[in-house]
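The next block holds one structure in the form of structure tokens; read it before the comments.
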Amino acid sequence: MQYLYMESPLGPLRIIASYKGIVSVEFVEKVHVSSLHPNEILLEAKKQLEEYFNKKRRRFDLPLDPEGTEFQRKVWKLLGEVPYGRVVTYTDIALRYGDRNAVRAIGAANGRNRIGIIIPCHRVIASDGSLSGYAAGVWRKEWLLTHERAINPPGKQMSLF
């Protein structure tokens, strides 16, 4: 595993990658020294995240190597299908998964997503429209949604999936 730190408008990020793909993108307290000679995957992830924060990228094109159960990986794949600037509910994801009763399990899988921003768990909200929990802080979730809506206003949103 290699890692790279970068600054973002929301605070420092640590990106971790295996030789197969991105394992983690998480907010940290401060920037530390990155791995010597970060691999191409890390360098590309940093570039694409910078483009995202500079409103020049709406979709990530990176190899991912998420660590999780088969169910979690299926949920994370569904999260990746939520269009930029759009929000869905946990129920929407459960219905898309094919099991309306899986809402709590969907929420738990969403909360275990370690590849934040790239796998856009911030685009999932509660059925009542509240932002609900976000491991990195609800204020960051709100910022990310506002950031995306500035480019893709609600009136111009694409279909749900």
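The values are calculated or read from the model by the stated rules, or taken from the named source; none is laboratory data. Because the structure is a prediction, the values reported are computed rather than measured. We place every Cβ from the backbone using ideal geometry, glycine too, and count neighbours over all the protein chains shown. Side chains included, ligands, DNA and RNA excluded: accessible areas come from the protein's heavy atoms. Shrake-Rupley method; radii C 1.70, N 1.55, O 1.52, S 1.80 Å.
For region 51-73, the criterion of being of a type in the set (Val, Ile, Thr) and surrounded by 19 or more Cβ atoms within 10 Å (Cβ to Cβ) is satisfied by no residue at all. Kindly list, by first and then second residue, each pair from a residue in region 44-59 that is farther than 13 Å from Leu4 by Cα to a residue that is in a helix (DSSP H, G or I), limited to pairs with Cβ atoms under 6 Å and residues at least 6 apart or on different chains. The qualifying pairs are Lys55/Ile151; Arg57/Gln48; Arg57/Glu51. Inspection of region 87-106 identifies at least one residue that is open to solvent by less than 40 Å² (accessible area, probe 1.4 Å), free of Cβ contacts under 8 Å to residues at least 12 places away in the same chain and more than 15 Å from Ala136 (Cα to Cα). Considering region 1-40, the residues that are assigned to a loop (DSSP other than H, G, I, E, B), open to solvent by less than 30 Å² (accessible area, probe 1.4 Å) and not hydroxyl-bearing (Ser, Thr, Tyr) include one that is farthest from Lys141 (Cα to Cα), namely Gly21. Looking across region 74-86, the residues that are more than 12 Å from the chain's Cα centre (by Cα) and open to solvent by 30 Å² or more (accessible area, probe 1.4 Å) come down to Lys74, Arg86.
Residues checked against (1) modelled with pLDDT under 90; (2) crowded, with 19+ Cβ neighbours inside 10 Å:
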site	(1), (2)
Ile118	no, yes
Cys121	no, yes
Ile125	no, no
Ser132	yes, no
Val138	no, no
Lys141	no, yes
Leu144	no, yes
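Lys47 - would you say it is exposed (fewer than 13 other Cβ atoms within 10 Å of the Cβ), modelled with pLDDT of 95 or more and not β-branched (Val, Ile, Thr)? No.
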